[in-house]
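**Q** One structure, as structure tokens, below. Some questions next.
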Amino acid sequence: MNNLIVVMPGSKSYTNRALIMAALTKGQVTLENPLFSDDTEAMITCLTKLGIMIKKEKNKLIVENDISVIQDRRHELDADLSGTTIRFILALSCIVPGQKRIFGKEGLNKRPIEDLVLALKTAGAQIEYEDKQGFPPVIVKSSFLPNGNIVINGSVSSQFVSALLMISPIIDGVTIEVSGNQISKSYIDITISMMKDWGVEVENFDYKKYVIAKNQNYKMKKYIIEGDYSAAGYFFAVAALNKFTLTVENLNPNSVQGDRRFLKILEEMGNKIIYGSNEVTIKGNGVKPVEVDMEECPDQAQTLAVLAAFADGKSVLTGVRSLRVKETERVKALQAELGKMSIITESPDHDTLAIFGGSPKPAEIDTYNDHRMAMSFAVAQTSIPEIKIRNPEVVNKTFPEFWMKLAQIAVKFT
């Protein structure tokens, strides 16, 4: 079979961070190769509601002004179902004028936000819950943060820390102390790396403390968004499972994205990875059972669980606790849907999922309004075409072109 090629879109993680940083940057900023999806649209909508002018062009976003234009009035900020948007916008809202009401759809309003609220309050923010304590909607009444000494629980979401880091140059002199074990460190690496690209240095003391010195400002005219390893993981998995060679283009082989580590896991499962210039090739050779810690690439855990269903033996995934507070309770969702496929699973504790692989059977898969459930089980569908996936359009949250790109390669081996 000839080598197949698929091109990845820009990273959601980079796109939404770049939008926040651009809004904090004086002068026009052009973002090239952004991701256009429901999640990035939610960020654009919130920033636009605040008064930031963002122009869309082919493969570009142009952020034409900054937070200095935001007026002292009531702002209704709808984050839709985007976790990154609601968390980043909450932090941003604490340093801009007006009364900001921040909310999302029902699924997002069930995701915890209390640790970020408490951290912002240590910095002097005025934030109230509209309904249930610890969850959106919230109302932000402050327009600046007087205290740069911030304390945050790091054990729930790295997005909380990233949100604080990104607004730190505006507070002008910040120390962030982290209690608990910092989860998903790789996403903080993305934030710190991007801030450095934009002219702001962060001292990282082993993810326990971050220091951002005074008199630093974001400076950027044009920024190119990296291709998305989170999205690429599904295609690498398809190639591994179906034993063919695939080149995925628009990927930085030296990226700090945590999901790049999924390639090492695929090597452990018996596949060969070749890094090129802005591309990565996998020579698929099937899947073997593995024992692996997923804490630094949690968005690949569902994909790996599906691959493990085809591996003859027991696979153990640790570091999965953050999956329990995502779009759905992903560990339970995985267990339910793999169970439909006659695959036995166990979750002996909050942070572990074991899969007893072998011969998965066709089933009708519920996606729980979770984009990653749909894309992960699409990997299984390439090997078992009788599998049906409900609500497939949920992929629009982060990867609207997913089914089209999958079809580009799937027609070659089904």
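Since every read-out is calculated from the coordinates, none of them should be taken as a lab result. Because the structure is predicted, anything quoted here is derived from the model rather than measured. As a convention, Cβ positions derive from the backbone with ideal geometry for all residues, glycine included, and neighbour counts pool all protein chains shown.
**Q** Tell me, what is the percent relative contact order of the chain, built from C-alpha pairs under 8 Å that lie six or more residues apart?
**A** After rounding, I find 14 percent.
**Q** List 101, 74 from most exposed to least, where exposure is judged by having the fewest other Cβ atoms within 10 Å.
**A** Exposure proxy ranking, most exposed first: 74, 101.
**Q** Just the C-alpha atoms of the stretch 330-414: what Rg/Rh do they give, with Rh taken as the Kirkwood radius?
**A** A ratio of 0.98.
**Q** Assuming R0 = 45 Å, can you tell me the calculated FRET efficiency for the pair residue 141 and residue 254, based on Cβ-Cβ distance, to the nearest 0.05?
**A** After rounding to 0.05, the efficiency reads 0.55.
**Q** Show me, for the stretch 51-65, the HN-Hα J-couplings you get by feeding each phi into the Karplus relation (A = 6.51, B = -1.76, C = 1.60, θ = phi - 60°), rounded to Hz, glycine and proline as x.
**A** Result, ordered by residue: x, 6, 8, 10, 9, 9, 10, 4, 6, 8, 10, 10, 8, 8, 8 Hz.
**Q** Ok, one more. Could you work out the helix-only [θ] at 222 nm for the chain, with each DSSP H run of four or more residues adding -39,500 (n - 2.57) and the total divided by the number of residues, to the nearest 500 deg cm²/dmol?
**A** Mean residue ellipticity, 222 nm, calculated: -10000 deg cm²/dmol.
**Q** Note down the nm distance, to one decimal, between modelled labels 7 Å out along Cα→Cβ at residue 213 and at residue 407.
**A** For the pair residue 213/residue 407, the computed spacing is 5.4 nm.
**Q** Using a/c under 1.5 as the rounded threshold, could you call the chain rounded, prolate or oblate? The axes a ≥ b ≥ c are square roots of the C-alpha gyration tensor eigenvalues, and prolate needs a/b larger than b/c, oblate otherwise.
**A** Judged from the Cα gyration tensor, the chain comes out prolate (a/c at least 1.5, a/b above b/c).
**Q** Give the relative contact order (percent, whole number) for the stretch 229-410; include only Cα pairs under 8 Å separated by 6+ residues.
**A** 18
**Q** With all pairs of different alpha carbon atoms counted, what Kirkwood hydrodynamic radius in Å does the stretch 131-178 show?
**A** 12.2
**Q** If you don't mind, there's one more thing I want to ask. If each residue's Cβ is checked for other Cβ atoms within 10 Å, how do 214, 405 rank with the fewest at the top?
**A** The order, fewest Cβ neighbours first, is 214, 405.
**Q** May I ask you to derive the FRET efficiency for residue 69 and residue 110 from their Cβ-Cβ distance with R0 = 35 Å, giving the value to the nearest 0.05?
**A** It comes out at approximately 0.60.
**Q** Please compute the contact order of the stretch 89-176 in relative form: average sequence separation of alpha-carbon pairs under 8 Å and at least six residues apart, divided by the residue count, as a percent.
**A** So the answer I get is 34 percent.
**Q** If you take the Cα Rg of the stretch 229-410 and divide it by 2.2 N^0.38 Å, with N the number of residues, what do you get?
**A** 0.93
**Q** Further question on the same structure: Calculate one ³J(HN,Hα) per residue across the stretch 181-194 by plugging θ = phi - 60° into the Karplus curve 6.51 cos²θ - 1.76 cosθ + 1.60, and present them in order as whole Hz with x for glycine and proline.
**A** Per residue, the Karplus-derived 3J(HN,Hα) values read 7, 5, 8, 6, 4, 4, 6, 6, 4, 4, 4, 5, 4, 5 Hz.
**Q** Next question. Pick from 189, 80, 197: which residue has the top mean-square fluctuation in a GNM of the chain where Cα pairs under 10 Å get a spring?
**A** Checking each option, the largest mean-square fluctuation is seen for 197.
**Q** Here's another thing I want to ask about it. Fewest first, what order do 376, 68, 158 take by the number of other Cβ atoms within 10 Å?
**A** Placing the least packed residue first, the sequence is 68, 158, 376.
**Q** Among the DSSP beta bridges whose two residues both lie in the chain, what percent are antiparallel, rounded to the nearest 5?
**A** Percentage antiparallel, nearest 5: 65.
**Q** Here is a follow-up. Along the positive direction of the dipole of the chain (beta-carbon charges: Lys, Arg +1; Asp, Glu -1; about the Cα centre), which of 193, 180, 75 reaches farthest?
**A** Towards the positive end, the residue furthest out is 75.
**Q** At a Förster distance of 35 Å, what's the computed FRET efficiency of residue 203 paired with residue 293, Cβ-Cβ distance as r, to 0.05?
**A** 0.85
**Q** Moving to a separate point now. Stretched out fully, how many nm does the piece from residue 274 to residue 58 gain, at 0.36 nm a residue minus the Cα gap?
**A** In short, 74.7 nm is gained.
**Q** Moving on to the next point. Along Cα→Cβ, 7 Å out, is where each label goes; now give me the distance between the ones at residue 390 and residue 99 in nm to one decimal.
**A** 4.1
**Q** In a Gaussian network model over the chain where Cα atoms closer than 10 Å are linked, find which of 348, 400, 289 has the largest mean-square fluctuation.
**A** 348
**Q** Each label point is 7 Å from the Cα along the Cα-to-Cβ direction; what then is the distance between the points at residue 267 and residue 332, in nm?
**A** Placing both labels 7 Å along Cα→Cβ, they lie 3.8 nm apart.
**Q** Another question, then. Rounded to whole Hz and in sequence order, give me ³J(HN,Hα) for the stretch 215-222 from the Karplus expression 6.51 cos²θ - 1.76 cosθ + 1.60, θ = phi - 60°, writing x for Gly and Pro.
**A** 6, 10, 9, 6, 9, 7, 10, 9
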